[in-house]
Amino acid sequence: MELLQRHVQMLKAIRDNEPIGIIRLSELLNHPQHKVRYSLRILEQEGLIQPSPEGAITTEKFGPFMEHLVIFLDEMGDTVKELRDQLS
């Protein structure tokens with residue numbers, strides 16, 4: 001969950017500040033540069049961001065991914081609630 005949280009924070013920061021580089025992301029999010037690099041690599045592999053000469057920018061996949069993530073997290077919350085109710 002912590003990794004997903006960092007990736008989402010990074011995606012939102014990139015969208016709000018694009019183009020943005022590693023050092024600025026690290027300062028903005030208060031994450032070490034090596035963790036920022038790792039997240040950028042994963043997000044690029046997923047096609048959610050792409051490098052540019054000025055820094056990272058989001059791709060057209062950003063919006064649909066975030067919409068899907070909201071639905072997924074809602075479903076996960078429902079599942080957690082059901083599991084919690086079963087324990088009672």
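None of the figures in this text is laboratory data; all of them are computed from the coordinates on show. Here the structure is a predicted model, which is why all the values come from computation and not from measurement. Cβ sites come from the backbone with ideal geometry, for glycine too, and all protein chains shown count toward neighbours.
Counting Lys +1, Arg +1, Asp -1, Glu -1, what net charge surrounds GLU54 among other residues with beta carbon under 11 Å of its beta carbon? Mind showing how you got there, number by number?
Working: positive: ARG24; negative: GLU18.
Around GLU54, the surrounding residues sum to 0.
Would you work out which of SER39, VAL8, MET66 lies farthest towards the positive end of the dipole of segment 2-87? Charges go on Cβ: Lys and Arg +1, Asp and Glu -1.
Of SER39, VAL8, MET66, it is SER39.
From Cα pairs below 8 angstrom and at least 6 apart in sequence, can you work out the relative contact order of the chain, rounded to a whole percent?
Averaging sequence separation for qualifying contacts and normalising by length gives 25 percent for the chain.
Between GLU60 and GLN86, what is the FRET efficiency for a Förster distance of 41 Å, r being their Cβ-Cβ separation, to the nearest 0.05?
Numbers: r = 41 Å, r/R0 = 0.99.
About 0.50, to the nearest 0.05.
When a footprinting reagent is the concern and you count Cβ atoms within 10 Å, what order do SER39, SER88, SER52, SER26 take, fewest first? Walk me through the intermediate numbers first.
On the way: SER39 24, SER88 4, SER52 12, SER26 16.
Ascending number of Cβ neighbours within 10 Å: SER88, SER52, SER26, SER39.
If I model a spin label as a point 7 Å beyond the Cα along the Cα-Cβ vector, how far apart are those points for MET76 and ASN30 in nm?
If labels sit at MET76 and ASN30, their model points lie 2.3 nm apart.
What residues qualify as long-range amide H neighbours of ALA56, i.e. H under 5 Å apart, gap of 5 or more or another chain, H built at 1.01 Å from N?
Distant-sequence amide H within range of ALA56: ILE20, GLY21.
In a shell of Cβ-Cβ distance under 11 Å around VAL36, excluding VAL36 itself, what net charge do Lys and Arg (+1) and Asp and Glu (-1) give? Walk me through the numbers on the way to the answer.
On the way: positive: ARG6, ARG24, LYS35, ARG37, ARG41; negative: GLU27.
Surrounding charge for VAL36 is +4.
Report, largest value first, the span of the C-alpha coordinates of the chain along each principal axis, in whole Å.
Projected onto the principal axes, the Cα atoms of the chain cover 54, 27, 20 Å.
Nearest 500 deg cm²/dmol is fine: what mean residue ellipticity at 222 nm does the chain get from its DSSP H runs of n ≥ 4 alone, each adding -39,500 (n - 2.57), divided by its residue count?
Helix-only estimate at 222 nm: -23500 deg cm²/dmol.
Could you tell me how many degrees, from 0 to 90 and to the nearest 10, lie between the Cα long axis of helix 62-87 and the main elongation axis, the longest principal axis, of the Cα atoms of the chain?
Approximately 30 degrees, to the nearest ten.
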